[in-house]
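Shown next, in structure tokens, is the structure this report addresses.
The values are calculated or read from the model by the stated rules, or taken from the named source; none is laboratory data. Just so you know, these numbers come straight off a predicted model, no measurement behind them. Here the Cβ positions follow ideal geometry from the backbone for every residue, glycine too, while neighbour counts run over all protein chains shown. For the accessible areas, the whole protein counts, side chains as well, though only heavy atoms, and no ligand, DNA or RNA atoms are used. Shrake-Rupley method; radii C 1.70, N 1.55, O 1.52, S 1.80 Å.
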Amino acid sequence: MAKPVSRYKADIAGGALKLQESRIVAGLLLDGVTETEWKDAIEVANVLQKRSPGTAKRQSSLMRLRLEAMKPEIWELVRYGSKIVATHALFAASIKHSPLLGDFLDLMVRSQFRMFRQDLPRNLWLDFVDRCHDREPNMPEWQESTTNKLGDTVYRILAEAGYLLDNKKYILQPVRISGEVMTYLRDNEEDYVLRWIQVSL
């Protein structure tokens with residue numbers, strides 16, 4: 001009997017939003033490239049300019065999974081939108097792709113805003129991961145290094161999205177998500193993402 005799959009996965013550790021690379025990946029998706037053309041672009045032509053084919057393959061796979069969690073309208077915002085619009089579109093896609101990120105926003109970041117706290121201490125991430133095991137019995141036991149790496153990625157994503165002043169000073173600041181992204185989420189009834197992405201309201 002197959003072991004039940006946890007909704008919490010460690011694949012988000014593969015990278016933060018990576019705006020410039022994600023624009024390239026979104027372009028490939030919009031062009032409708034074949035799997036052979038995808039492999040050639042990522043591993044041979046090295047369009048992401050990574051040091052090794054393995055790194056390019058791994059990171060492009062994560063970016064692709066994030067984008068494919070949403071419809072092509074989001075890909076267009078990532079590929080052609082302004083820096084803010086594209087970043088918020090990637091943030092929305094990342095939230096849908098990773099319940100780990102979404103639940104952290106909903107349970108921990110939202111709580112800090114509601115209590116008018118001005119920071120997001122890293123110990124909150126460790127507390128959150130501990131509580132994840134209570135909510136999700138099938139969640140794997142991660143090594144400390146994996147938990148810390150995941151936390152690093154989540155905090156970088158929050159900094160890139162504007163919720164943290166930067167990824168070293170854990171100072172919280174409210175964010176108004178771009179209208180184009182909010183319109184997409186409402187039109188496509190992405191209710192969970194809408195809840196998770198508006199934690200500062």
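Rolling a 1.4 Å probe across the protein heavy atoms gives the stretch 1-110 an accessible surface of 48 Å² per residue.
All other residues whose Cβ lies under 11 angstrom from that of Glu136 are scored, Lys and Arg at +1 and Asp and Glu at -1, for a net of +2. Based on C-alpha pairs under 8 angstrom that are at least 6 apart in sequence, the stretch 41-114 has a relative contact order of 20 percent. Neighbours of Arg7 by Cβ distance under 10 Å: Lys/Arg scored +1, Asp/Glu scored -1, total 0. Of the chymotrypsin sites (Phe, Trp or Tyr not before Pro) found in the stretch 28-125, the ones in coil according to DSSP and having at most 13 other Cβ atoms within 10 Å of their Cβ are Phe116. With an a/c value of 1.5 or above and a/b not larger than b/c for the gyration tensor axes a ≥ b ≥ c computed over the alpha-carbon atoms, the stretch 98-201 is described as oblate. Summed over the residues of the stretch 156-201 and divided among them, the accessible surface reaches 58 Å² per residue at a probe radius of 1.4 Å. When Lys and Arg each count +1 and Asp and Glu each count -1, what net charge do the other residues less than 14 Å away from Thr183, Cβ to Cβ, add up to? With Lys, Arg at +1 and Asp, Glu at -1, the neighbours total -3.
The eigenvalues of the Cα gyration tensor, multiplied by 5 and square-rooted, give the stretch 28-80 an equivalent ellipsoid with semi-axes of 20, 12, 10 Å from largest to smallest.
Per DSSP helix of 4 or more residues, -39500 (n - 2.57); summed, then divided by the residues of the chain. What does that give at 222 nm, rounded to the nearest 500?
Details: 11 runs with 116 residues, N = 201.
That calculation yields -17000 deg cm²/dmol at 222 nm.
Labels on offer are (i) 16.9; (ii) 12.4; (iii) 10.0, and the one holding mean projected area of the Cα convex hull in nm² computed from this structure is (ii). For the stretch 35-127, the share of accessible area belonging to carbon and sulfur comes to 51 percent (1.4 Å probe, ligands and nucleic acids excluded).
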